1. In a loop (DSSP other than H, G, I, E, B), at pLDDT 95 or above and over 15 Å from the mean Cα position of the chain (by Cα): which single residue out of Glu54, Glu31 fits that description?
2. Which one is surrounded by the fewest Cβ atoms within 10 Å (Cβ to Cβ) among residues in the stretch 99-136 that are among the aliphatic types (A, V, I, L, M) and part of a loop (DSSP other than H, G, I, E, B)?
3. Can you report the number of residues in the stretch 15-32 which are surrounded by 16 or more Cβ atoms within 10 Å (Cβ to Cβ) and in contact (Cβ under 8 Å) with a residue 40 or more places away in the chain?
4. Restricting the first residue to the stretch 80-109 and requiring it to be over 16 Å from Leu131 (Cα atoms), which pairs with a second residue that is of a type in the set (Gly, Ala, Ser) and surrounded by fewer than 19 Cβ atoms within 10 Å (Cβ to Cβ) meet a Cβ separation below 6 Å and a spacing of at least six or different chains?
5. Return the residues of the stretch 10-26 that are touching an Asp or Glu at 6+ places or on another chain (Cβ under 9 Å) and outside any loop (DSSP other than H, G, I, E, B); say none if nothing qualifies.
Amino acid sequence: MSHQQELVIKTQGRGATEITQLVNTIVAKSEQTHTLCHVFVTHTSASLMITGNEDPDVLLDIEDYFQAQVTDANPAYRHNNEGDFDMSGHIRTLLTGENKTIPIQAEQLALGKFQGLFLYEHRAGENNRKLIVTLS
């Protein structure tokens with residue numbers, strides 16, 4: 001039997017927010033035997049990534065990379081309806097992905113010792129991001 005729950009996370013501008021514990025809480029409270037957890041973010045300028053959570057410099061280096069490779073206000077971008085970061089946010093989402101499927105072991109995400117699940121906000125300012133967590 002599957003279980004589904006929505007999460008709404010308020011982001012504080014561009015950058016990554018670790019959501020491993022929030023999702024693990026959903027997994028543990030479901031009180032069902034599951035083998036997979038699927039997480040999907042319902043926005044085109046926010047994404048999900050699994051990366052190192054042992055050193056905050058990992059996230060800073062990732063953001064620095066994107067700042068250099070996927071620039072805001074690129075004059076070649078045609079789409080800028082919501083500002084200079086609009087198209088760059090869409091491209092970042094395409095590169096990092098809007099969903100992750102992770103096995104469950106011992107009532108939690110089966111991530112490696114130094115891995116974490118992160119919501120990656122690609123826009124400036126505060127945003128409310130909806131995620132759908134499905135256990136099956």
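1. Glu54
2. Checked the stretch 99-136; the qualifying residue surrounded by the fewest Cβ atoms within 10 Å (Cβ to Cβ) is Ala106.
3. Counting residues in the stretch 15-32 that are surrounded by 16 or more Cβ atoms within 10 Å (Cβ to Cβ) and in contact (Cβ under 8 Å) with a residue 40 or more places away in the chain gives 9.
4. So the pair list comes out as Asp84/Ala73; Phe85/Ala124; Pro103/Ala110; Glu107/Ala28.
5. Taking the stretch 10-26 first, the residues touching an Asp or Glu at 6+ places or on another chain (Cβ under 9 Å) are 10-17, 24.
Hits for the stretch 10-26 are Lys10, Thr11, Gln12, Gly15, Ala16, Thr17, Asn24.
The values are calculated or read from the model by the stated rules, or taken from the named source; none is laboratory data. The shown structure was predicted, so the numbers you read here are calculated from the model rather than taken from an experiment. All Cβ positions, even for glycine, are placed from backbone atoms using ideal geometry, and neighbour counts span all protein chains on display.
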